[in-house]
Amino acid sequence: ALSASKDSSVGRTVCFMDVGGDKLYWAAGCLDGGIVKGDDDAESCAATFKNYPDVMACLEATREEAEAGGAGAGGMYTSRVLDRGPLFPDDAERFMAPAGPVTLLGDAAHPVIPSFGQGANLALEDAAELAIAMAGRGKTQSVASVLRAWERSRLGRTAQAQIASFISGSKSYGEAKFAEAMRLSGISPDALARH
């Protein structure tokens, strides 16, 4: 069972998921401006979510399990979730290496938020498509030219995934935060409509 809630007025969201074996996956998200700093990650989380009893209970249970060294007691993991707007064919050329056999794939080329669950899929697609492109390289084609053609061929698919990821992540913080994020994103109304 999955439950989630959002406090869109302050840009906070929480999620709880029973993963079986008396284990609970939980996540608490906050936009950067709402983070309250503490001495460590757990204290920052506690200060930021002090008015959320379920989060406070999860923090305490996580601390107790980590101290007891129970099975699967991994403690707490925190990170910033960052993304960026997609590259579209019109502006992608300025980010592609002009020459040389260098390219990026996966999150390095087109980051998506973890909760969207598509980062590994896109990286695997990249690898498969790149292998096909390289296998089809003619004797007179340079590796760099094959890479540039492969990069251009991936732009449409990865842009759509990035837009979907951006929308999913931004909407989880409420409509007002979503509207602000859309305004700042650089994603044009035309690109959004095509999505």
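The values are calculated or read from the model by the stated rules, or taken from the named source; none is laboratory data. This one's a predicted model, so the numbers in the text were calculated from it and none came from an experiment. In this analysis, Cβ positions are derived from the backbone assuming ideal geometry, glycine residues included, and neighbour counts consider all displayed protein chains. We work out accessible area using only protein heavy atoms, side chains counted, and drop any ligands, DNA or RNA first. Shrake-Rupley method; radii C 1.70, N 1.55, O 1.52, S 1.80 Å.
Side notes on the structure shown:
- Contact map, the stretch 143-155: first residue farther than 17 Å from Phe88 by Cα, second residue at pLDDT 95 or above and open to solvent by less than 50 Å² (accessible area, probe 1.4 Å), Cβ cut-off under 7 Å, separation 6 or more or different chains; pairs are Val146/Ala133.
- Residue within the stretch 133-155 that is closer than 17 Å to Leu82 by Cα and not aliphatic (A, V, I, L, M) present: no
- Scope the stretch 131-162; condition of a type in the set (Gly, Ala, Ser) and open to solvent by 70 Å² or more (accessible area, probe 1.4 Å); matching residues: Ala135, Ser153
- Scan of the stretch 110-123 for residues that are open to solvent by less than 70 Å² (accessible area, probe 1.4 Å) and either in contact (Cβ under 8 Å) with a residue 60 or more places away in the chain or outside any helix (DSSP H, G or I) (or both), ordered by number: His110, Pro111, Val112, Ile113, Gly117, Gln118
- Looking across the stretch 8-58 at every residue that is of a type in the set (A, V, I, L, M, F, W, C) and part of a helix (DSSP H, G or I), the one that is surrounded by the most Cβ atoms within 10 Å (Cβ to Cβ) is identified as Cys45.
- Candidate set from the stretch 156-192 (those that are hydroxyl-bearing (Ser, Thr, Tyr) and in contact (Cβ under 8 Å) with a residue 12 or more places away in the chain); member that is farthest from Gly106 (Cα to Cα): Tyr173
- Evaluation of Gly29 against (1) small (Gly, Ala, Ser); (2) within 30 Å of Thr158 (Cβ to Cβ); (3) modelled with pLDDT under 80 (one fails), failing number: (3)
- Restricting Asp107, Asp190, Asp126 to residues that are in a helix (DSSP H, G or I) and within 24 Å of Cys30 (Cα to Cα) narrows the list to Asp107.
- Candidate set from the stretch 163-187 (those that are assigned to a loop (DSSP other than H, G, I, E, B) and touching a helix residue (DSSP H, G or I) at 6+ places or on another chain (Cβ under 9 Å)); member that is surrounded by the most Cβ atoms within 10 Å (Cβ to Cβ): Tyr173
- Qualifying residue in the stretch 91-102 (condition: in a helix (DSSP H, G or I), surrounded by 11 or more Cβ atoms within 10 Å (Cβ to Cβ), of a type outside the set (Gly, Ala, Ser) and in contact with a helix residue (DSSP H, G or I) (Cβ under 9 Å, 6 or more places away or on another chain)): yes
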